[in-house]
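Colleague: Below is one structure. I have some questions about it.
The values are calculated or read from the model by the stated rules, or taken from the named source; none is laboratory data. The shown structure was predicted, so the numbers you read here are calculated from the model rather than taken from an experiment. Positions of Cβ are backbone-derived with ideal geometry, glycine not excepted, and every protein chain shown enters the neighbour counts. Ligands, DNA and RNA are excluded from the accessible area calculation, which covers all protein heavy atoms including side chains. Shrake-Rupley method; radii C 1.70, N 1.55, O 1.52, S 1.80 Å.
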Amino acid sequence: MAMPAQGAKYRGSIRDFPNFDPSQDAEALYNAMKGFGSDKEAILELITSRSNRQRQEICQHYKSLYGKDLIADLKYELTGKFERLIVGLMRPLAYCDAKEIKDAVSGIGTDEKCLIEILASRTNRQIHQLVEAYKDAYERDLEADITGDTSGHFQKMLVVLLQGTREEDDVVSEDLVQQDVQDLYEAGELKWGTDEAQFIYILGNRSKQHLRLVFDEYLKTTGKPIEASIRGELSGDFEKLMLAVVKCIRSTPEYFAERLFKAMKGLGTRDNTLIRIMVTRSELDMLDIREIFRTKYEKSLYSMIKNDTSGEYKKALLKLCGGDDDAAGQFFPEAAQVAYQMWELSAVARVELKGTVRPANDFNPDADAKALRKAMKGLGTDEGTIIDIITHRSNAQRQQIRQTFKSHFGRDLMADLKSEISGDLARLILGLMMPPAHYDAKQLKKAMEGAGTDEKALIEILATRTNREIRAISEAYKEDYHKSLEDALSSDTSGHFKRILVSLATGNREEGGEDQDRAQEDAKEIADTPSGDKTSLETRFMTILCTRSYPHLRRVFQEFIRMTNYDVEHTIKKEMSGDVRDAFVAIVQSVKNKPLFFADKLYKSMKGAGTDEKTLTRIMVSRSEIDLLNIRREFIEKYDKSLHQAIEGDTSGDFLKALLALCGGED
């Protein structure tokens, strides 16, 4: 069993079994496999209740008592995923890793994800033990096998990691941190092409403590996280490996929480990944992984395993997991502290918001107006020219083109576009041609007209716009529809939901910084409402969520976690329902991370059967000059595929071309 550092708290889920008797356990396993069939329940109960060190003793006593190899007998008696899991638990950790890597490089093709996961996450000591175990088990050199099965920069980085020589000194030189930041910047962003050797040297050798400071300084210096530069400068398996290294430097448990989530989400389960992580982390950091999993994915690891697996395989995995953290949305205390620390970090990090559409250089409204007129004149329409011009001009430049078009041709450009293009492309192009406030006003009007109300669109717009944007929308609404936005909302919605929307539509959110004492009072105000007192709870939440500034609300959310061990978002989802719940959740998510909120909305608009073109268009149009680049980064970080890829796989024709132009690039 891997022992924690002196003074460190043990964070595994499996511990030494008290009053351990290896001979008795060996006999129990022998009896469970004797005769016709086997007692799988007894096998899983015993093996998942013993530490790895104890299992090795059981193996030795089994051979002494019966002259047989326990692992060979287990392989014979058990089958499938359950067999792989139990046999994995019976091997020492280093030999388990060695077997995984041997399988990854054997036969046709290579399991690069397995190589990346193991070599990016192991400590120097674990790497050295792995190399020795591989030599002992297979009489082969691990480095030679890996170099024989991989190539290029991917191979070079794997070899560097295989040396197990990462610096371990906690004393960090500020000068060296600055030098590494400069070297990485010059090797990537500032260089024509990329100097991969610098990335390999720095990320493969510096200590974790040093690299965390490098990542912080890199963000301050360049305005983008190191992950964004890696995605922009590297590619393929090499890019995936370097991103895994960065994730493990930041937080190894968070890396594994993410791997476990991806192994079980969607259709089908990646059982090899699930088994490997549950076996190898059960005596190292499973409690940390569970905490982060609960914080990040709003469900416990236990519940996800329970819903995604079955039979004895499920029972064994749940035993390794060690417990369910899903008590009605409640964190156990350590997880609340992890969430609190995440808030502390988010309060410090100030990432610059960037759109993907910028003003065109050498802008010539006269030439653009003529080109658009030509594209729509005569038989047929040149959609390519229309898309190219309109998606590559800022909104201010588009307004100049509209004016110039009218001055030159005495025609309304919007009316001409409406008559020449149709469907999804028309909605997108016409949306881009409208001033932002008038576009949002139109979206709100559409959400309220006709039978039924599109509450999701109302929430998305009103919960995410700034005071200045809200006031501009209100003016545009009054100008275009001769009715106040507040009156329109009041006549189309009701109850607490109406009150929330009307409050947001005033555009009177406070704009100052945080107030620590007041944040504690606000957190107490929403924490003290008795469960079940729904009306009082909704009123208190509305008073605070709809009026306080974003920086202040971040502090309120921190204090709420500290006071209650709950995340405010989980509390809202548990205590409220319907449109009121959805509105409050949107406000909270927008405060926490607005680009991530929009990334989630975009993902949901394209997942599953059919596409929600209205939501997709609305977000791409309205965020293209504000934070679409940040949304792209959040999208790929969360969903493991780029926004560009998602759009490409879910849309077609000229609509696809226009969306990709707005997207602004492949990540």
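Colleague: What single numbered condition from (1) under 16 Å from Leu317 (Cβ atoms); (2) of a type outside the set (D, E, K, R); (3) outside any loop (DSSP other than H, G, I, E, B); (4) touching a Ser or Thr at 6+ places or on another chain (Cβ under 6 Å) fails to hold for Ser13?
Modeller: Of (1) under 16 Å from Leu317 (Cβ atoms); (2) of a type outside the set (D, E, K, R); (3) outside any loop (DSSP other than H, G, I, E, B); (4) touching a Ser or Thr at 6+ places or on another chain (Cβ under 6 Å), only one is false for Ser13: (3).
Colleague: Related question: Given (1) in contact with a Leu (Cβ under 9 Å, 6 or more places away or on another chain); (2) more than 20 Å from Gly236 (Cα to Cα), identify the lone condition not met by Pro225.
Modeller: Here Pro225 meets the rest and fails (2).
Colleague: Would you please name the residue that is nearest to Ile526 (Cα to Cα), looking only at residues in the stretch 593-623 that are open to solvent by 50 Å² or more (accessible area, probe 1.4 Å) and of a type in the set (D, E, K, R)?
Modeller: The extreme case among them is Lys604.
Colleague: Report every pair of residues separated by at least 6 positions or lying on different chains whose Cβ atoms are under 9 Å apart, first residue within the stretch 168-180 and surrounded by 14 or more Cβ atoms within 10 Å (Cβ to Cβ), second of a type in the set (Asp, Glu) and outside any loop (DSSP other than H, G, I, E, B).
Modeller: Val177/Asp216; Val177/Glu217; Gln178/Glu217; Asp180/Glu217
Colleague: Let me confirm something: among Asp169, Asp136, which residue is over 23 Å from Thr273 (Cβ atoms) and modelled with pLDDT of 95 or more? Full working, then the answer.
Modeller: On the way: Asp169 fails: modelled with pLDDT of 95 or more.
Of Asp169, Asp136, the one residue that is over 23 Å from Thr273 (Cβ atoms) and modelled with pLDDT of 95 or more is Asp136.
Colleague: Considering (1) open to solvent by 30 Å² or more (accessible area, probe 1.4 Å); (2) at pLDDT 95 or above; (3) of a type in the set (A, V, I, L, M), say which one Ala197 fails and leave the rest.
Modeller: Only one criterion in (1) open to solvent by 30 Å² or more (accessible area, probe 1.4 Å); (2) at pLDDT 95 or above; (3) of a type in the set (A, V, I, L, M) is unmet by Ala197, namely (2).
Colleague: Sticking with this one: Check every one of the helices (runs of 4 or more DSSP H) wholly within the stretch 160-236 and list those with 1 or more residues that are over 29 Å from Leu353 (Cβ atoms). I'd like the intermediate steps shown before the answer.
Modeller: Details: elements: 174-187, 196-205, 208-222, 226-233.
Of the helices (runs of 4 or more DSSP H) lying wholly inside the stretch 160-236, those with at least 1 residues that are over 29 Å from Leu353 (Cβ atoms) span 174-187, 196-205, 208-222.
Colleague: Would you be able to tell me the number of residues in the stretch 106-115 that are β-branched (Val, Ile, Thr) and either buried (at least 19 other Cβ atoms within 10 Å of the Cβ) or in a helix (DSSP H, G or I) (or both)? Steps first, answer last, please.
Modeller: Initially, the stretch 106-115 is screened for residues β-branched (Val, Ile, Thr), giving 108, 110.
Applying the additional criterion that residues be either buried (at least 19 other Cβ atoms within 10 Å of the Cβ) or in a helix (DSSP H, G or I) (or both) yields none.
Qualifying residue count for the region: 0.
Results for (1) of a type in the set (D, E, K, R); (2) touching a Ser or Thr at 6+ places or on another chain (Cβ under 9 Å); (3) without any contact (Cβ under 8 Å) to a residue 12 or more places away in the chain, shown as yes or no for each residue.
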residue	(1), (2), (3)
Leu29	no, no, no
Lys34	yes, no, yes
Glu41	yes, no, no
Ser49	no, no, no
Gln54	no, no, no
His61	no, yes, no
Gly67	no, no, yes
Lys75	yes, no, no
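Colleague: Wholly within the stretch 573-667, which helices (runs of 4 or more DSSP H) include no fewer than the required count, namely at least 2 residues that are under 16 Å from Ile459 (Cβ atoms) and at pLDDT below 95? Even if it seems obvious, please write down each step before you answer.
Modeller: Working: elements: 578-606, 613-623, 628-639, 643-650, 653-663.
By residue number, 578-606.
Colleague: Next up: Is it true that some residue in the stretch 26-39 is surrounded by fewer than 14 Cβ atoms within 10 Å (Cβ to Cβ) and hydroxyl-bearing (Ser, Thr, Tyr)? If you could, list the steps in order and put the result at the bottom.
Modeller: Filtering the stretch 26-39 down to residues surrounded by fewer than 14 Cβ atoms within 10 Å (Cβ to Cβ) leaves 31, 34-37.
Filter once more, so that each one left must be hydroxyl-bearing (Ser, Thr, Tyr): none.
No.
Colleague: Looking for something touching a Phe, Trp or Tyr at 6+ places or on another chain (Cβ under 8 Å) and more than 18 Å from Leu274 (Cα to Cα) - is there at least one such residue anywhere in the stretch 110-133?
Modeller: Yes; the residues of the stretch 110-133 include at least one that is touching a Phe, Trp or Tyr at 6+ places or on another chain (Cβ under 8 Å) and more than 18 Å from Leu274 (Cα to Cα).
Conditions tested, residue by residue: (1) open to solvent by 10 Å² or more (accessible area, probe 1.4 Å); (2) modelled with pLDDT of 90 or more; (3) under 14 Å from Phe261 (Cα atoms); (4) touching a Ser or Thr at 6+ places or on another chain (Cβ under 8 Å).
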{"position": "Ile277", "(1), (2), (3), (4)": "no, yes, yes, no"}
{"position": "Arg281", "(1), (2), (3), (4)": "yes, yes, no, no"}
{"position": "Leu284", "(1), (2), (3), (4)": "yes, yes, no, no"}
{"position": "Arg290", "(1), (2), (3), (4)": "yes, yes, yes, yes"}
{"position": "Leu301", "(1), (2), (3), (4)": "no, yes, yes, no"}
{"position": "Met304", "(1), (2), (3), (4)": "yes, yes, yes, no"}
{"position": "Lys315", "(1), (2), (3), (4)": "yes, yes, no, no"}
{"position": "Gly323", "(1), (2), (3), (4)": "yes, no, no, yes"}
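Okay, residues lined up against (1) of a type in the set (S, T, N, Q); (2) part of a helix (DSSP H, G or I); (3) open to solvent by 70 Å² or more (accessible area, probe 1.4 Å):
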site	(1), (2), (3)
Val87	no, yes, no
Ala98	no, yes, no
Ala104	no, yes, no
Glu117	no, yes, no
Gln126	yes, yes, no
Val131	no, yes, no
Ala137	no, yes, no
Arg140	no, no, yes
Ala144	no, yes, no
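Colleague: Only residues that are among the charged types (D, E, K, R) and either within 21 Å of the chain's Cα centre (by Cα) or under 21 Å from Leu489 (Cβ atoms) (or both): list them for the stretch 570-609, please.
Modeller: Taking the stretch 570-609 as the starting set, the residues that turn out to be among the charged types (D, E, K, R) are 573-575, 579, 581-582, 592, 594, 600-601, 604, 607.
The answer is Lys573, Asp579, Arg581, Asp582, Lys592, Lys594, Asp600, Lys601, Lys604, Lys607.
Colleague: Checking Thr221 against (1) in contact (Cβ under 8 Å) with a residue 40 or more places away in the chain; (2) surrounded by fewer than 19 Cβ atoms within 10 Å (Cβ to Cβ); (3) under 22 Å from Gly664 (Cβ atoms), only one condition comes out false. Which one?
Modeller: (3)
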